[in-house]
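Engineer: Shown below is the structure under consideration.
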Amino acid sequence: MAKFIGRRLLYLLPVLLAVTLLTFLIASLLPGDLAITLLGDQATPEKVEALRAQMGLDLPIWQRYLLWLWDVLHGDLGRSFRTGETVLAAVADRLPVSLELMVMAEVTALLIAIPLAILCAVKSGSATDRFLTGLAFGKLSLPPFMVAILLIYLFAVSLNLLPATGWIPFAEDPIANLRSFVLPALTLAIAEWPVLMRVLRSDMIATLQEDYIAMAKAKGLRPARILLVHALKPSSLTLVTVTGINIGRLIGGALIVEVIFALPGIGRLLVGAIYARDFIILQGAVLFVAVGFVMVNFVVDMLYAVLDPRIRHGRA
Amino acid sequence: MDTALLSVEAVSVVLPTPRGPLKAVDAVDLSLAPGRTLGVVGESGCGKTMLSRAILQLLPKRAKLDGRVMFNGRDLAALQPEALRRLRGPELAVVFQDPMTSLNPVLTIGTQLVETMQAHLGLDSAAAAKRGAELLAEVGIPAPEQRLRQYPHQLSGGMRQRVAIAIALSCEPKLLIADEPTTALDVTVQAQILDLLAREQRRRHMAMIIITHDLGVVAGRTDEVAVMYAGRVVERAPTPQLFAHMRMPYTEALLAAIPKLDAPPHTTLPAIAGRPPDPTRPLPGCSFAPRCRYADDRCQGAKPPLADPERAGALYACWHPL
Amino acid sequence: MAVREVAALDVGVDTSAVTPVRRQRRLGGLFVASVIWIALVGLGAIFAGLLPIPSPTEMDMLGKRALPSAEHWLGNDVLGRDVFSRLIYGGRISLTVGLLAPVIGVTVGGALGMLAGYFRGRFETIVTGGVDVLLAFPPLVFALAVTAYLGQSILNITLVIGILGIPAFTRVARAVTLSLSEREFVTAARALGATHSRILLRELLPNVALPLVAFFLLGVAVTIVVEGALSFLGLGVPPPAPSWGSMIGEGRESLDIAPWLAFLPAIFMFLTVLAFNVIGDTLRALTDPRPGAL
């Protein structure tokens, strides 16, 4: 197990380095001068020159990257030119909201997907199975922002059951806080479940053909135990991977959903930074999200080993 | 016959395939008294595994079963799922061919052994674990307590099959079906596993069906042998009688196909010429006729019934018995 | 030993062939409908200027959110612009970006993947490593960041989404090439002394092409969605050019009084994306022998 983690860690480092480089490069390849962009067209050349020197923009690009990376490694991602807030503080402030949203969404998606996948696998080929797989396929073509519009129209505009926008801190009013998350989380969950269901369904159908399932039946185990212990666990490897890979999509989806439902998360911070041309915040937020994404995939790899003892014992 | 533990009555299994319906098992009758052993022998594709699955009610979803599988006076084929579930384990158990695939790779040996006893014997987990270790010791696994915590891939093939046997024996079944229990194992451990099965069968007075392609496996270990070909039983007799006097040319060919250890090196391995008939295209006559050196027009035209014309207790389906 | 040739389970248990047949027939009708829908949207997009429809950008201040009429078939939007006309012109942007961006992915990614799968070695390591890095970025975040820096234009959006698609195409091309490289016809070509470029272009490319085309169509669907999302956020194609995404975004403001302003473009986009998914999935199913594979 330790060897396995070590091997993955060795792989993690170059990827993280490349991610920081790419984030830096995107921001540095700005057309035009960042100093001018920040100061406006009317700025005097002296002022521009001063700011360039202050920001180290007159240095060669590789030096700037190393300096920036040095700062990043020391937890200094810079400071917004507009609000003076540090990137780290801004991210830390928004992170809980995004996490709450994503966790709620993923849990809801799994709660929808797992029972449906089991149902489809057990009754594979039946009308129920064909209907649900058809539905899942159709849903793949319905992106989160369309689902959001539909849900807002149904639950906020027509039925007036749930708030369409706004967010209340959990500490202030837990119920109102959760209510404000229902539609956003549901939006993301509706976007996610078809992928999860399709993956689990096809794995589960394959697993149900296995000898050890026939064996479990021959042992006279209860159907629930056969499905949930003997079939679900070995079938969930791909599900875990896809859940991990999907976190990338989830981050993208969360970004839009946060903007639509006015939730103060990382996504809204990012989009807000774009609207406000606040490039330091933008760069910091992108780096944070990308690094977080890489780390999540790393953890997913580890989970793999927990789920499949064969990998844990070095037979991967 | 009325004391039979298991009686298979006119059982047929039809599988739908892209090429049309496939009659994997064709009107098979068998019976087995408590504590007795039966060998079912035939080459792969003869329907012996489907027959065992039919008895166990573990047929693929789309397979269609006809006939009755009477077990202790109850028709398994007509039983409700819950009633059937209660029978499996304490009454009816199975050891599958390949212990690589019949044990769940992600659950420990202990879990897989203990869950059966918990489901049927109402043991608490401590008692079940203790019993599990005892069972592993009984089937010849050293250091059983440690094995309980291991996963199947950490054990050798022979050890795994011993685990599978321990699981099958854990609820003291009245009937054990061993479906090619040694085919997937190294030759060196095959005899050990067969002897283990025979020993436990005698010790527990359970009935046992051994399914195999190898007549040598059933020779000293069964009371009766049924030979299957193309979905039908073509010869059935008490084991000593069968080996003393084979009536069906197919059985003879099957025996000849066992490689002899004392044969000189580089001897061509004997094999039955030709292939079994396409099961989706049934023949009008004897299914073995195309490969049989004694076959004539009668064999091509009419199917011989499984009968005992000599009233010697040995049944066979052949127009030209040896 | 003939008898010892043991099959795992005597008589093939594989009876899974029953359902897929049915499924394919059902997809057949859907496939035709999808092709027709894309043809309609495509023709509309190409000949939009010739159609007898009002301008998509001309505002009728008196006819804001007007209901459908003989003049405005699907009514007007918040600014009094003709909805039907905007839908047709919006298809132009969706299809332009949707078809062009995956071309970048399919050419660059396809070439990289084929070379990596064929030559293996260090080149393959570098390519797969690069792919992993590119995949480490959540695509929408990446697209947003780049358009924010480089400015909003159809060209930039196409480029960004296209580059983001490279890793996926690389993976597909590499996997297919890997499995083909070991096959007899490649070995035979090699034994006959064929050059690398000849093997790659004559032997491998025709076989890699079909899976890539299927993947290309799925890529079109994804691209249309991403472009829609960017435009929905107001960070895609700059206004006043009509785009389905921005129409949905603008329609959101009047969900309570004129919900159709959001739903009409949403339906158009959904049907188009669905159509590409159906066609792509059907083609993929043809190239992938595993039934029920994702």
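Engineer: Which members of region C:225-252 meet the condition of being away from chain A (no Cβ under 11 Å) and part of a loop (DSSP other than H, G, I, E, B)?
Structural biologist: C:236, C:237, C:238, C:239, C:240, C:241, C:242, C:243
Engineer: Which pairs have Cβ atoms under 7 Å, sit 6 or more apart or on different chains, and link a residue in region B:35-46 that is facing chain C (nearest Cβ under 8 Å) to one that is buried (at least 23 other Cβ atoms within 10 Å of the Cβ) and hydroxyl-bearing (Ser, Thr, Tyr)?
Structural biologist: Once the first residue is facing chain C (nearest Cβ under 8 Å) and sits in region B:35-46, its partners that are buried (at least 23 other Cβ atoms within 10 Å of the Cβ) and hydroxyl-bearing (Ser, Thr, Tyr) give B:46/B:229.
Engineer: Any idea which of (1) among the β-branched types (Val, Ile, Thr); (2) modelled with pLDDT of 85 or more; (3) in a loop (DSSP other than H, G, I, E, B) is the one residue C:103 doesn't satisfy?
Structural biologist: With respect to (1) among the β-branched types (Val, Ile, Thr); (2) modelled with pLDDT of 85 or more; (3) in a loop (DSSP other than H, G, I, E, B), residue C:103 is out only on (3).
Engineer: Now for a different question. Working only within region A:205-215, note down all residues that are facing another protein chain (nearest Cβ under 7 Å) and without any contact (Cβ under 8 Å) to a residue 60 or more places away in the chain.
Structural biologist: A:210, A:211, A:212, A:214, A:215 - these are the residues of region A:205-215 that are facing another protein chain (nearest Cβ under 7 Å) and without any contact (Cβ under 8 Å) to a residue 60 or more places away in the chain.
Engineer: For the structure I just gave you, tell me whether residue B:318 is at pLDDT 85 or above, away from chain C (no Cβ under 14 Å), part of a loop (DSSP other than H, G, I, E, B) and within 21 Å of residue B:240 (Cα to Cα).
Structural biologist: yes
Engineer: Filter region A:137-175 for residues that are more than 26 Å from residue C:252 (Cβ to Cβ) and not in a loop (DSSP other than H, G, I, E, B); which is farthest from the other protein chains (Cβ to nearest Cβ)?
Structural biologist: A:174
Engineer: Provide a single number: the residues in region C:267-294 that are at pLDDT 80 or above, surrounded by fewer than 24 Cβ atoms within 10 Å (Cβ to Cβ) and at the interface with chain A (Cβ under 7 Å from one of its Cβ atoms).
Structural biologist: 3
Engineer: Another question about this same structure. Working carefully through the options C:168, C:148, C:143, find the one that is touching a residue at least 60 places away in the same chain (Cβ under 8 Å), within 25 Å of residue C:211 (Cβ to Cβ) and buried (at least 21 other Cβ atoms within 10 Å of the Cβ).
Structural biologist: C:168
Engineer: So residue C:134 clears everything in (1) closer than 30 Å to residue A:149 by Cβ; (2) part of a helix (DSSP H, G or I) except one condition, right? Which one?
Structural biologist: Only one criterion in (1) closer than 30 Å to residue A:149 by Cβ; (2) part of a helix (DSSP H, G or I) is unmet by residue C:134, namely (1).
Engineer: Restricting the search to region B:147-173, which residues are assigned to a helix (DSSP H, G or I), facing chain A (nearest Cβ under 9 Å) and over 20 Å from residue B:89 (Cβ atoms)?
Structural biologist: If the condition is that a residue be assigned to a helix (DSSP H, G or I), facing chain A (nearest Cβ under 9 Å) and over 20 Å from residue B:89 (Cβ atoms), then B:153, B:154 are the ones that fit.
Engineer: Continuing with the same structure: Show the residue pairs that are 6+ apart or on different chains and have beta-carbon atoms under 8 Å apart, the first residue being within region A:250-265 and on the phi > 0 side of the Ramachandran plot, the second being aromatic (Phe, Trp, Tyr).
Structural biologist: A:262/A:167
Engineer: What number goes with the only condition from (1) within 20 Å of the chain's Cα centre (by Cα); (2) buried (at least 18 other Cβ atoms within 10 Å of the Cβ) that residue A:111 does not pass?
Structural biologist: (2)
Engineer: Another one. Just a yes or no: is a residue in region B:83-90 under 29 Å from residue B:120 (Cβ atoms), modelled with pLDDT of 90 or more, among the small types (Gly, Ala, Ser) and under 15 Å from the mean Cα position of the chain (by Cα)?
Structural biologist: no
Engineer: Only one residue in A:90, A:109, A:148, A:105 is within 18 Å of residue A:260 (Cα to Cα) and either touching a Leu at 6+ places or on another chain (Cβ under 7 Å) or of a type in the set (Asp, Glu) (or both). Which one?
Structural biologist: Exactly one of A:90, A:109, A:148, A:105 is within 18 Å of residue A:260 (Cα to Cα) and either touching a Leu at 6+ places or on another chain (Cβ under 7 Å) or of a type in the set (Asp, Glu) (or both), namely A:105.
Engineer: Within the set of pairs 6 or more residues apart or between chains, which connect a residue that is over 30 Å from residue A:274 (Cβ atoms) inside region A:3-28 to a residue that is not in a helix (DSSP H, G or I) with Cβ atoms less than 7 Å apart?
Structural biologist: Listed pairs, sorted by first residue: A:3/A:314; A:4/A:314.
Engineer: Go through (1) at pLDDT 85 or above; (2) more than 21 Å from residue C:75 (Cβ to Cβ) for residue C:236 and report which single condition fails.
Structural biologist: (1)
Engineer: Here is a follow-up. Which condition number in (1) surrounded by fewer than 23 Cβ atoms within 10 Å (Cβ to Cβ); (2) farther than 30 Å from residue A:203 by Cα is the one that residue A:284 fails?
Structural biologist: (1)
Engineer: Within region B:1-60, considering only strands (runs of 3 or more DSSP E) that don't extend past its boundaries, which have at least 2 residues that are out of contact with any Cys (no Cβ under 7 Å at 6 or more places or on another chain) and over 17 Å from residue B:224 (Cα atoms)?
Structural biologist: Because the criterion is at least 2 residues that are out of contact with any Cys (no Cβ under 7 Å at 6 or more places or on another chain) and over 17 Å from residue B:224 (Cα atoms), the strands (runs of 3 or more DSSP E) in region B:1-60 that meet it are B:6-17, B:20-32.
Engineer: Of all residues in region C:238-263, how many are over 17 Å from the mean Cα position of the chain (by Cα), hydrophobic (A, V, I, L, M, F, W, C) and surrounded by 23 or more Cβ atoms within 10 Å (Cβ to Cβ)?
Structural biologist: 4
Engineer: Among (1) modelled with pLDDT of 75 or more; (2) touching a Phe, Trp or Tyr at 6+ places or on another chain (Cβ under 9 Å), which single condition is residue C:56 missing?
Structural biologist: So the condition that residue C:56 fails would be (1).
To keep it simple, each residue is scored yes or no on (1) hydroxyl-bearing (Ser, Thr, Tyr); (2) in contact with a helix residue (DSSP H, G or I) (Cβ under 9 Å, 6 or more places away or on another chain); (3) closer than 12 Å to residue A:218 by Cβ; (4) crowded, with 24+ Cβ neighbours inside 10 Å.
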| site | (1), (2), (3), (4) |
| --- | --- |
| B:91 | no, no, yes, no |
| B:94 | no, yes, yes, yes |
| B:105 | no, yes, no, no |
| B:118 | no, yes, no, no |
| B:122 | no, no, no, no |
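Engineer: Also, quick follow-up: Return the pairs, sorted by first residue and then second, in which the second residue is of a type in the set (S, T, N, Q) and surrounded by 15 or more Cβ atoms within 10 Å (Cβ to Cβ), the first residue lies in region B:1-30 and is within 13 Å of another protein chain (Cβ to nearest Cβ), the beta carbons are less than 8 Å apart, and the residues are 6+ apart or on different chains.
Structural biologist: From region B:1-30, the pairs are B:15/C:15; B:16/C:15; B:17/C:15; B:23/B:12; B:25/B:12; B:26/B:12.
Engineer: Looking at (1) touching a residue at least 60 places away in the same chain (Cβ under 8 Å); (2) away from chain A (no Cβ under 11 Å), can you tell me which one residue C:260 breaks?
Structural biologist: (2)
Engineer: Now for a different question. So, in region B:65-90, how many residues would count as being assigned to a strand (DSSP E or B) and within 11 Å of another protein chain (Cβ to nearest Cβ)?
Structural biologist: Summing the residues that are assigned to a strand (DSSP E or B) and within 11 Å of another protein chain (Cβ to nearest Cβ) in region B:65-90 gives 1.
Engineer: Of the conditions (1) modelled with pLDDT under 90; (2) crowded, with 21+ Cβ neighbours inside 10 Å; (3) small (Gly, Ala, Ser), residue A:158 clears all except one; give me its number.
Structural biologist: The one condition residue A:158 does not meet is (2).
Engineer: Name the residues in region B:278-315 that are part of a strand (DSSP E or B) and in contact (Cβ under 8 Å) with a residue 24 or more places away in the chain, would you?
Structural biologist: Matches in region B:278-315: B:315 only.
Engineer: Any residue in region A:236-245 that is more than 10 Å from chain C (Cβ to nearest Cβ), closer than 30 Å to residue B:82 by Cα and out of contact with any Cys (no Cβ under 6 Å at 6 or more places or on another chain)?
Structural biologist: yes
Engineer: Can I ask one more? Out of A:273, A:231, A:285, A:254, I need the residue that is small (Gly, Ala, Ser), in a helix (DSSP H, G or I) and more than 13 Å from chain C (Cβ to nearest Cβ). Which one?
Structural biologist: Residue meeting the stated conditions: A:231.
Engineer: Residue under question is residue B:109, and the condition is that it be more than 7 Å from chain A (Cβ to nearest Cβ), surrounded by 21 or more Cβ atoms within 10 Å (Cβ to Cβ) and over 19 Å from the mean Cα position of the chain (by Cα); does it hold?
Structural biologist: Yes.
The values are calculated or read from the model by the stated rules, or taken from the named source; none is laboratory data. Values in this document were obtained by computation on a predicted structure and should not be read as measured data. Virtual Cβ from ideal backbone geometry, glycine too; neighbours counted across all protein chains shown.
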